[in-house]
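Since the structure comes first, as structure tokens, the remarks are kept for the end.
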Amino acid sequence: MIETSTRPVSDEARDDNVLPFAVAPLDLRGRVVRLGPSIDAILARHEYPPRVARLVGEAAALTVLLGSALKFEGRLQLQTKSNGPVDMIVVDFDAPDRLRAFARFDEGRLAEHAADLLGRGHLALTIEQGDDRSRYQGIVALEGQGLEEAAHRYFRQSEQIPTFVRLAVAENVMGKETAWRAGGLLVQFLPEESARNPDLPPGNAPPGTPVAEMLENDAWVEAKTLAATVEDHELVDPMLSSERLLYRLFHERGVRVFSAQSVKAACRCSRQRIANMLRRFTPQERADMVGDDGKIGVTCEFCSTFREFDPAELE
């Protein structure tokens, strides 16, 4: 807990780490994520163009911010499908700490789009609990906005929780070639007293009924204003600890931190999983997959691991 009366703010900067926090006077809860070796390993496997790598890094930071809130050993998946040069991104966060990601893109179209790589389509967030229980999925439209704004729209539409998200990605911060870093900040207004929540507009009002302007709660306005002062370089600075960053933002109100959570790059693919997948194809379909060397070759889209199978072992 960050309290100057009990202990100093820690300046120990930790990579691949999620730090939950709360600002009680503002009814605020949130998380800070700092990704170093994990996101660098994910991006290095694919050798994406820098603009694509930054987009995947943002998606990974956002997924960890959301997935680290899971209270069970399930999975949160972020997936985009769109008509932009980057037509698909998939990020899996397997609670409590496993992260993997990949993107599909058209390199020839990248030069045609200076800014908007996603284009129009949708972003889906899917939570799977790892057993036969039903899964939850929320979908938000992509209409040329970035992942930050898509996240804001998702929480406004699906969760109806006042939420602020900031994402940042950088490379060569430490002067090391192709060393990627990503960071993110998520804050949410979660008052215990329902009276402090802003009213939602009446969805069943007759057409033409005037709707009063929704005024944001003063505590949330202050919280969002403070959170918005965070700069991109602060989220990826390897020398700035998450505690010090939170102290900079919220020290006037008092901020508490809770147990940090580690993150690692890890793919759940295995030879057995892929073999089981191949056995679900018909014999003729498997025969069509056999290469000139008489083997079936499969490359994992997430970790780029290549595996070969003898067709006979799949019978």
When the residues of segment 267-288 are narrowed to those that are within 29 Å of GLY57 (Cα to Cα) and crowded, with 16+ Cβ neighbours inside 10 Å, which ends up farthest from the chain's Cα centre (by Cα)? ILE274
Hits in segment 35-57 - residues which are over 17 Å from ASP94 (Cβ atoms) and surrounded by 20 or more Cβ atoms within 10 Å (Cβ to Cβ): GLY36, ASP40, LEU43, TYR48, VAL52, ALA53, ARG54, LEU55, VAL56, GLY57
Number of positions in segment 303-315 that are loosely packed, with under 12 Cβ neighbours inside 10 Å and in a loop (DSSP other than H, G, I, E, B): 2
Starting from segment 259-276, take each residue that is of a type in the set (Gly, Ala, Ser) and list its partners that are assigned to a helix (DSSP H, G or I), counting only C-beta distances under 7 angstrom and pairs at least six apart or across chains. ALA265/SER38; ALA265/ALA41; ALA265/ILE42; ALA275/LEU314
Looking at ALA150, is it surrounded by fewer than 16 Cβ atoms within 10 Å (Cβ to Cβ) and free of Cβ contacts under 8 Å to residues at least 60 places away in the same chain? no
Residues in segment 23-34 that are buried (at least 23 other Cβ atoms within 10 Å of the Cβ) and acidic (Asp, Glu): how many? 0
Being touching a helix residue (DSSP H, G or I) at 6+ places or on another chain (Cβ under 7 Å) and either at pLDDT 65 or above or not assigned by TED's automatic domain parsing to the domain that holds ARG31 (or both) is true for just one of VAL236, VAL221, VAL173, VAL211. Which residue is that? VAL173
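Residues checked against (1) at pLDDT below 95; (2) buried (at least 22 other Cβ atoms within 10 Å of the Cβ); (3) under 14 Å from the mean Cα position of the chain (by Cα):
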| residue | (1), (2), (3) |
| --- | --- |
| PRO8 | yes, no, no |
| PHE21 | no, yes, no |
| GLN79 | no, no, yes |
| ASN83 | yes, no, no |
| ASP94 | yes, no, yes |
So which of GLU128, GLU143 is touching a residue at least 40 places away in the same chain (Cβ under 8 Å) and of a type in the set (D, E, K, R)? GLU128
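The values are calculated or read from the model by the stated rules, or taken from the named source; none is laboratory data. From a predicted model like this one, the values you see are computed outputs, not experimental measurements. Using ideal geometry, Cβ is built from the backbone for each residue, glycine included, and neighbour counts are taken over all protein chains shown.
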